[in-house]
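Take a look at the structure set out below.
The values are calculated or read from the model by the stated rules, or taken from the named source; none is laboratory data. Note that the structure is a prediction, hence the values are computed from the model and not measured. Backbone-built Cβ (ideal geometry, glycine too); neighbour counts: all protein chains shown.
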Amino acid sequence: MVRFHDIATIVVIILFSVTSGVHAQSLEPRAYANAPIGLNFLLVGYQNSTGGLVFDPAVPVEDAETDVDIGFLGYIHTLDVAGNSSKVGMILPYSSLAATGFAVDPNGSKEFRTRDSQGLADPLFFFSMNFFGAPATSLKDFKNYKQDTIVGFTITVVPPLGIYDSDKLINIGTNRWTIKPGIGVSKAVGKWTLEASADVALYTDNNDFFNGQTREQDPIYSSQLHVTYNFPRNIWLAISATYFTGGETAVDGVTNDDHQSNTRTGFTLALPINRKHSLKLYGSSGVSTRTGSNYDAFGIFWQYRWGGGI
């Protein structure tokens, strides 16, 4: 049966990319799992990312090394939309960044730079709806629900509300909007759940990039695969992979050679404590990297749920 108390995993795993500004890199197992309506989830957690430049791999910085610590607070609510199970949620991250690298100017010359910053990162807001195989159900009736095939969609919006300094190449905030629509399918096979999804991240222009320049970025297209095994006592483990491509940028009309074609893998482990509390552990690593996502990330978060008749 679907572990509805783990539904909050969707938003937190998106954090792999929310704080990096590259939203196609997220790994989102169980994003389309069903859940009873009227539930609320409070999330508190921590993530560390180290390695290649994770806040924006398309900025003109070479041999970048970063160490990013992120604390976050999140909220999710499940609801009925036209008879379909749906979710709305948000994540509010606070980040600390330490980075080094060689800034490259348009003439090809390089200058070694360091960057230390902390403050609010861009928040995330999302809405998802399962339009096939996951009807809106009360907690009382949910015990009779058994997943077969679920199809749904998600739209994520990231407004430019994080701290941003146009005098710096590397920033916590992105100073642009990101909109990411996606569609996915989830299939239950005994104790296994197989998932696949496709997304596209769309970006507005950053009109104050590095001392007032205009920076554009092409969409990033991504696909994901997840295999989840459900253990006794509602424990589950997901192994995930994502491939993303696109994202070429231009500054003041001059195109950069920064097309992305990267692969990442990761895991998510859910450890329920009791009916209302659970812990999640997750991690990811770059496997094949052309531009800027060769970093490792690891995180942990606590989840508390209430409402819906619990």
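Tabulated data for the structure shown
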read-out	value
Residue match in the range 197-206 (condition: at pLDDT 95 or above, in contact with a Leu (Cβ under 9 Å, 6 or more places away or on another chain) and within 26 Å of THR149 (Cβ to Cβ))	yes
Residue check for PHE153: free of Cβ contacts under 8 Å to residues at least 40 places away in the same chain, surrounded by fewer than 19 Cβ atoms within 10 Å (Cβ to Cβ) and aromatic (Phe, Trp, Tyr)	yes
Subset of the range 224-236 [surrounded by 16 or more Cβ atoms within 10 Å (Cβ to Cβ) and either modelled with pLDDT of 95 or more or assigned to a strand (DSSP E or B) (or both)]	GLN224, LEU225, HIS226, THR228, ASN230, TRP236
Single residue of PRO181, PRO135 found to be under 30 Å from THR214 (Cβ atoms), modelled with pLDDT of 95 or more and surrounded by fewer than 22 Cβ atoms within 10 Å (Cβ to Cβ)	PRO181
Matching residues, the range 266-286, being free of Cβ contacts under 8 Å to residues at least 60 places away in the same chain and within 24 Å of SER222 (Cα to Cα)	PHE267, LEU269, LEU281, GLY283, SER285
Residues being farther than 24 Å from ARG113 by Cβ and hydroxyl-bearing (Ser, Thr, Tyr) - total across the range 75-103	4
Output for the range 28-53, where each listed residue is part of a loop (DSSP other than H, G, I, E, B) and closer than 30 Å to ASP67 by Cα	GLU28, PRO29, ARG30, ALA31, GLY52, LEU53
Complete set of residues in the range 141-157 that are hydrophobic (A, V, I, L, M, F, W, C) and not in a strand (DSSP E or B)	PHE142
Unmet requirement for SER117, which otherwise passes all of (1) closer than 24 Å to THR178 by Cα; (2) of a type outside the set (D, E, K, R); (3) surrounded by 23 or more Cβ atoms within 10 Å (Cβ to Cβ); (4) modelled with pLDDT of 80 or more	(3)
Number of the exception - THR291 against (1) modelled with pLDDT under 95; (2) of a type in the set (S, T, N, Q); (3) within 28 Å of VAL151 (Cα to Cα); (4) surrounded by 15 or more Cβ atoms within 10 Å (Cβ to Cβ)	(3)
Residues of the range 150-173 satisfying the condition of being more than 30 Å from ALA134 (Cβ to Cβ) and of a type outside the set (Asp, Glu)	PRO160, LEU161, GLY162, ILE163, TYR164, SER166, LYS168, LEU169, ILE170, ASN171, ILE172, GLY173
The range 161-196, residues that are without any contact (Cβ under 8 Å) to a residue 24 or more places away in the chain and either touching a Leu at 6+ places or on another chain (Cβ under 9 Å) or in a strand (DSSP E or B) (or both)	VAL189
